[in-house]
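Have a look at the structure below before the remarks.
The values are calculated or read from the model by the stated rules, or taken from the named source; none is laboratory data. None of these values were measured; they are calculated from a predicted model. Virtual Cβ from ideal backbone geometry, glycine too; neighbours counted across all protein chains shown. What goes into the accessible areas is simple: the full protein's heavy atoms, side chains included, and nothing from ligands, DNA or RNA. Shrake-Rupley method; radii C 1.70, N 1.55, O 1.52, S 1.80 Å.
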Amino acid sequence: MTVATIYIDGKLRQANPKQNLLHACLSLGYDLPYFCWHPALGSVGACRQCAVKQFRNEQDTAGKLVMACMTPAAESTRISIVDPEAVAFRAAIIQGLMQNHPHDCPVCDEGGECHLQDMTVMTGHRSRVYSFGKRTFRNQYLGPLVNHEMNRCIQCQRCVRFYREYAGGDDLNAFHLRDTIYFGRHEDGVLENEFSGNLVEICPTGVFTDATLKRHYTRKWDLQMAPSICVHCGLGCNTTVGERYGTLRRIVNRYNHEVNGYFLCDRGRFGYEFVESNQRIRHPLLNGKAATKSEALERFGTILREGKVLGIGSPRASLEGNFALRTLVGPDRFFAGTSDQELQLLSTMLRILREGPARSPSLNEVEHSDAVFVLGEDITNVAPIMALRLRQAVRQSPIQIAEKLHIPEWLDHSVREAVQEEKGPLYIASPYATKLDDIAAATYCAAPDDLARLGFAVAHAIDPGAPVVTGLLPDLEKMATDIASGLLGGRHPLVVSGTSCGSQSVIEAAAQVAWALCKVGRHAALSFTMPECNSLGLALMEPRPLSEAVSAIKSEPTKTLVVLENDLFRRGPAGAVSSLLKDAHHFVVLDHLDNGTTEAAELVLPAGTYAESDGTIVNNEGRAQRFFQVFDPSTDVQESWRWLREGAIAANSENGAPWQSLDDLTTAMAAEMTVFASIPQVAPPRKAGGKIAREPNRYSGRTAMLANISVHEPKPPNDPDSDLAFSMESGLESAPPSLIPFFWAPGWNSVQATNKFQSEVGGPLRGGDPGIRLIEPSLEAGWQYCSTVPAAFRPQPDEWLLVPIFHIFGSEELSRNAQGIAQLTPLPYVALNPVEASQRGVNAGERIKVSIEGSLFELEVTLRADLPRGVAGLPVGLLPVGGIILPAFCRLAPILTEPSRGAL
Ligand code: SF4
Ligand code: SF4
Ligand code: FES
């Protein structure tokens, strides 16, 4: 990196000349107040809070006031932060901003973690000097996730800049009338953007706050917090989870430069409420009745002693839980808790990432891709933060326009003016229209086989050595050529695909494109989305297919089935799952929430969620990351691996008992499975300084909060599994980045304290970003193109190909039990193309019968013009009955009170 020598208050400093002075000062550790600037959004110079005095040279003593965020950190720049005129200017600015501010910190949800509070203190402002009335606004209802209190606004513009320009939303805006400006929607209503929850952190005041937290409010300083990983999709965004009085209160973003950066999606931020849902299992259940822990373990031990135990793992359980089960039952009796189809797709993606030349990128690398081809995925609903990153990726190529005009990248609105509507090449081919289509250079909606054919054709257009696709229509030939040339024109091309289409061919076609790019000398990246938070981790354990468990149980019906954190009714047809469970002599389930599988179990053991457990999960990149227990539940709820260990002890089994702590378990896992050799280093031990406090040093009521039970201060529970303590003693100093429970620094109580933990503001965390990559591409040239190109899809006269449609709210199993998310979850439906629907006399809103491979549903019809002919859509996770493996052909029939007229 080129370095600029600058002078700050007479001291010589080294700065990054590509940054502005505010960025550079903050990176160097100076406390300079600001509002409108944000490392992810750049500068617009709206608030005037970051003023400093700039001098022409050493002889210049007068200087001039400049906005630090609008001035480059150029070589030999001389500035003063402490110059009296600059100090007075900043004080005047904040006085102006506070003139209309309600000063309602005691009742403001932001109080105690407010950037405005911090900056006010930093600037020295104490009293309001203007004694007339304050301007007031009406607040809006913005839905169940985000609360609005407009009086607190300081007009910094960050909210609309994030929402509209960064996240692509269009239902939040700045409305001007005379001398007032209002930030909100044109009318009350639910915020439509999937990233609306980030307003809570982007807004430096209490205008936008967490509406779910409001239901069980507590101050930040009263939260017990731990570093965690989101479990609601396969991307592994880093989170900070907060607890008070034994219940989860909220989730905020935990910065990881390589993964989620500064942002979370709304499913990830607000899905936490499932932990406290009414469906939660908090005590063991024996034959449907509450049992004590010792009764449960006694029965578990008895069952295990009978032997012949089969274990079904889970893509939403930790590596440790899966490994404990695998150890208990033996590798030969460990089965995947996914449909066979999904396991097959996961194994294919794993093979491709290991054997092929294309690297799976981090999400940060996704954002820096400059030519992208999405094949078969609805990214916004399946892997939301990747969609947010892709929205920035389309800016990579046009930014060169600004570069040519010598406009620095951080000068946000000047760059946007220069670039106008120009977008880099993003091509999306998927079964239905997606929410990223608005920024795509070209889109194509088709059945999965046709998507795969397009992919193979693109690969051939890139490298004529790749197999040719015969019978392609001229339009598609042209599209394939255009996509190929767009990808070839990028310096960092990226191909994205995944399991959403349920198609092996789509995955292979995506790999083919990336490999063709590598073959012709491009450093192409290949990113696969994963259906669940630890899908890749489970695949790395190489479990046997679920259907083999069905056969094994059938062939010897005395066997015991132990199911780990899994509702099998989501994995296969209800009939097949019921018969599997019926055929098992004993049936034990470990899980968090009541579901069809737990209802059928003889013994249910209450498994800790991510909030009550420690564990490791592997994201779509192949990055293993650790989540840590936020609080000790002090109930029977405990980690799945502990239940399995204690069951093994109760059974006097040789398998699975030796681990006393998580470290013992991860060490054993690393020793047994070479792919997990680095797992113990995912959360390295703290070198010095003892434990790290989960509670901030202002944590209140430690003695008094349980005074109704005892006036003696209870001893904090011990945590044998990590270097974190359930206490406010000890500090953050020298905490490894993966173990930082919350970001806080003196004078920086808001989320902006993240600045103090980064090697440079907006860059990696000091000490390296959390996580260890487990998969790297092959350096050998032995890979070969796939030669199986599917035939073109032909619509059937009386059947529709049902493809899965994903919803950010509702498709994921756990978050749909969160109160706020449940309110935004659509009702079940079947989606049809309106032309085909009208040809058959079906109207939107009517109910029809849908028959899929022996299952029959009555569903309301939704019309979607984006669906290809012969293709219908079924929402994932919304049906009253799960386990439909898609894509699959279905028949449709009207619902008649009289004898049926037959199929439509
Ligand atoms: S609502 Fe918040 S983010 Fe938006 S302009 Fe006002 S203070 Fe800034
Ligand atoms: S993108 Fe996925 S991992 Fe990230 S916050 Fe959303 S649901 Fe969680
Ligand atoms: S932060 Fe510089 S003007 Fe707002």
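Would you call GLY45 of a type outside the set (S, T, N, Q), surrounded by fewer than 24 Cβ atoms within 10 Å (Cβ to Cβ) and more than 13 Å from ligand 3 (Cβ to nearest atom)? Before the answer, list the steps.
Values: of a type outside the set (S, T, N, Q): yes; surrounded by fewer than 24 Cβ atoms within 10 Å (Cβ to Cβ): yes; more than 13 Å from ligand 3 (Cβ to nearest atom): no.
So GLY45 does not fit the description; no.
Filtered by the rule that a residue be part of a loop (DSSP other than H, G, I, E, B) and touching a helix residue (DSSP H, G or I) at 6+ places or on another chain (Cβ under 8 Å), region 613-634 gives SER613, ASP614, ASN619, ASN620, GLU621, GLY622, PHE628. Report yes if GLY455 is within 16 Å of THR788 (Cβ to Cβ) and open to solvent by 70 Å² or more (accessible area, probe 1.4 Å), otherwise no. No, not satisfied. Inspect all residues belonging to region 622-631 and state whether any of them is among the small types (Gly, Ala, Ser) and buried (at least 22 other Cβ atoms within 10 Å of the Cβ). Looking for residues that are among the small types (Gly, Ala, Ser) and buried (at least 22 other Cβ atoms within 10 Å of the Cβ), one finds at least one in region 622-631, hence yes.
State all residues of region 310-328 that are open to solvent by 10 Å² or more (accessible area, probe 1.4 Å), assigned to a helix (DSSP H, G or I) and of a type in the set (D, E, K, R); if no residue qualifies, say none.
Taking region 310-328 as the starting set, the residues that turn out to be open to solvent by 10 Å² or more (accessible area, probe 1.4 Å) are 316, 318, 326-328.
Okay, now just the ones that are also assigned to a helix (DSSP H, G or I), so 326-328.
Once the filter is applied, which keeps residues that are open to solvent by 10 Å² or more (accessible area, probe 1.4 Å), assigned to a helix (DSSP H, G or I) and of a type in the set (D, E, K, R), region 310-328 yields only ARG326.
Being more than 24 Å from the chain's Cα centre (by Cα) and either within 18 Å of VAL241 (Cβ to Cβ) or aromatic (Phe, Trp, Tyr) (or both) narrows it down to one residue among GLU729, GLU733, GLU695; which is it? After ruling out the rest, the residue left standing is GLU695. Of GLY206, GLY197, GLY143, all but one fail to be among the small types (Gly, Ala, Ser), open to solvent by less than 10 Å² (accessible area, probe 1.4 Å) and within 16 Å of ligand 2 (Cβ to nearest atom); the exception is GLY197.
Table: residues versus (1) assigned to a helix (DSSP H, G or I); (2) within 16 Å of SER347 (Cα to Cα).
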residue: LYS435; (1), (2): no, no
residue: ARG453; (1), (2): yes, no
residue: GLY465; (1), (2): no, no
residue: LEU476; (1), (2): yes, no
residue: GLY490; (1), (2): no, no
residue: LEU494; (1), (2): no, no
residue: SER505; (1), (2): yes, yes
residue: GLN512; (1), (2): yes, no
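Keeping to region 517-546, report how many residues are of a type in the set (Ser, Thr, Tyr) and either more than 17 Å from SER362 (Cβ to Cβ) or more than 16 Å from the chain's Cα centre (by Cα) (or both).
Keep residues of region 517-546 that are of a type in the set (Ser, Thr, Tyr), which gives 527, 529, 535.
Checking the rest, the ones that are also either more than 17 Å from SER362 (Cβ to Cβ) or more than 16 Å from the chain's Cα centre (by Cα) (or both) come to 535.
Of the residues in region 517-546, 1 are of a type in the set (Ser, Thr, Tyr) and either more than 17 Å from SER362 (Cβ to Cβ) or more than 16 Å from the chain's Cα centre (by Cα) (or both).
A residue that is touching a residue at least 60 places away in the same chain (Cβ under 8 Å) and farther than 23 Å from ASN381 by Cα can be found somewhere in region 122-129.
Sort through ALA402, ALA446, ALA387, ALA418 and tell me the only one that's touching a residue at least 12 places away in the same chain (Cβ under 8 Å) and open to solvent by 20 Å² or more (accessible area, probe 1.4 Å). Working first, answer last.
Numbers: ALA402 fails: open to solvent by 20 Å² or more (accessible area, probe 1.4 Å); ALA446 fails: open to solvent by 20 Å² or more (accessible area, probe 1.4 Å); ALA387 fails: open to solvent by 20 Å² or more (accessible area, probe 1.4 Å).
Residue meeting the stated conditions: ALA418.
Evaluated against (1) at pLDDT below 95; (2) open to solvent by 20 Å² or more (accessible area, probe 1.4 Å); (3) polar (S, T, N, Q), SER727 falls short on exactly one condition, (2).
Remark: pairs (first residue in region 205-217, closer than 12 Å to MET150 by Cβ and within 16 Å of ligand 3 (Cβ to nearest atom); second residue open to solvent by less than 50 Å² (accessible area, probe 1.4 Å) and not in a helix (DSSP H, G or I); Cβ separation under 6 Å; 6+ apart in sequence or on different chains) = THR205/ILE154.
Residue pairs whose Cβ atoms lie under 8 Å apart, separated by 6 or more positions or on different chains, with the first residue in region 579-606 and touching a residue at least 60 places away in the same chain (Cβ under 8 Å) and open to solvent by 30 Å² or more (accessible area, probe 1.4 Å) and the second part of a strand (DSSP E or B) and of a type in the set (D, E, K, R), are ASP594/ARG280.
Taking the numbered list (1) under 18 Å from the mean Cα position of the chain (by Cα); (2) outside any helix (DSSP H, G or I) in turn, GLN396 passes all entries but (1).
Can you find a residue that is open to solvent by 10 Å² or more (accessible area, probe 1.4 Å), away from ligand 3 (no atom under 16 Å from the Cβ), at positive phi and modelled with pLDDT under 95 anywhere in region 172-182?
So in region 172-182, the residues open to solvent by 10 Å² or more (accessible area, probe 1.4 Å) come out as 173-182.
Filter once more, keeping what is away from ligand 3 (no atom under 16 Å from the Cβ): 173, 175-180, 182.
Remaining after also requiring at positive phi: 178.
From the residues that got through so far, the ones that are modelled with pLDDT under 95 too are 178.
Within region 172-182 (the criterion being open to solvent by 10 Å² or more (accessible area, probe 1.4 Å), away from ligand 3 (no atom under 16 Å from the Cβ), at positive phi and modelled with pLDDT under 95), the answer is yes, since at least one residue qualifies.
Given the criteria among the polar types (S, T, N, Q) and open to solvent by 20 Å² or more (accessible area, probe 1.4 Å), does GLN279 qualify? Answer is yes for this residue. Any residue at all in region 108-130 that is among the aromatic types (Phe, Trp, Tyr), open to solvent by 30 Å² or more (accessible area, probe 1.4 Å) and touching a strand residue (DSSP E or B) at 6+ places or on another chain (Cβ under 7 Å)? No; the residues of region 108-130 include none that is among the aromatic types (Phe, Trp, Tyr), open to solvent by 30 Å² or more (accessible area, probe 1.4 Å) and touching a strand residue (DSSP E or B) at 6+ places or on another chain (Cβ under 7 Å). Candidates GLY572, GLY537: the one that is in a loop (DSSP other than H, G, I, E, B), of a type in the set (Gly, Ala, Ser) and open to solvent by less than 40 Å² (accessible area, probe 1.4 Å) is GLY572. Contact map, region 5-16: residues that are over 18 Å from SER759 (Cα atoms) paired with residues that are among the hydroxyl-bearing types (Ser, Thr, Tyr) and in a strand (DSSP E or B), Cβ distance under 6 Å, separation 6+ or inter-chain. Pairs shown: ASP9/SER80.
What number of residues in region 54-89 are assigned to a strand (DSSP E or B) and surrounded by fewer than 17 Cβ atoms within 10 Å (Cβ to Cβ)? Steps first, please.
Within region 54-89, the subset assigned to a strand (DSSP E or B) is 54-55, 64-67, 72, 78-80.
Keeping just the survivors that are surrounded by fewer than 17 Cβ atoms within 10 Å (Cβ to Cβ) gives 64-65.
Number of matching residues: 2.
Every condition in (1) within 15 Å of ligand 1 (Cβ to nearest atom); (2) at pLDDT 95 or above holds for PHE89 except the one numbered (1).
Among the residues of region 10-43 satisfying the criterion of being within 16 Å of ligand 1 (Cβ to nearest atom) and in a loop (DSSP other than H, G, I, E, B), which is nearest to TYR163 (Cα to Cα)? Give the derivation first.
Pass one, region 10-43, residues within 16 Å of ligand 1 (Cβ to nearest atom): 33-43.
If we keep only those that are in a loop (DSSP other than H, G, I, E, B) as well, we get 33-37, 39-41.
Details: PRO33: 23, TYR34: 20, PHE35: 16, CYS36: 14, TRP37: 15, PRO39: 15, ALA40: 12, LEU41: 11 Å.
The selected residue is LEU41.
Across region 351-373, the number of residues qualifying as in contact (Cβ under 8 Å) with a residue 60 or more places away in the chain, open to solvent by 10 Å² or more (accessible area, probe 1.4 Å) and closer than 30 Å to PHE569 by Cα comes to 0.
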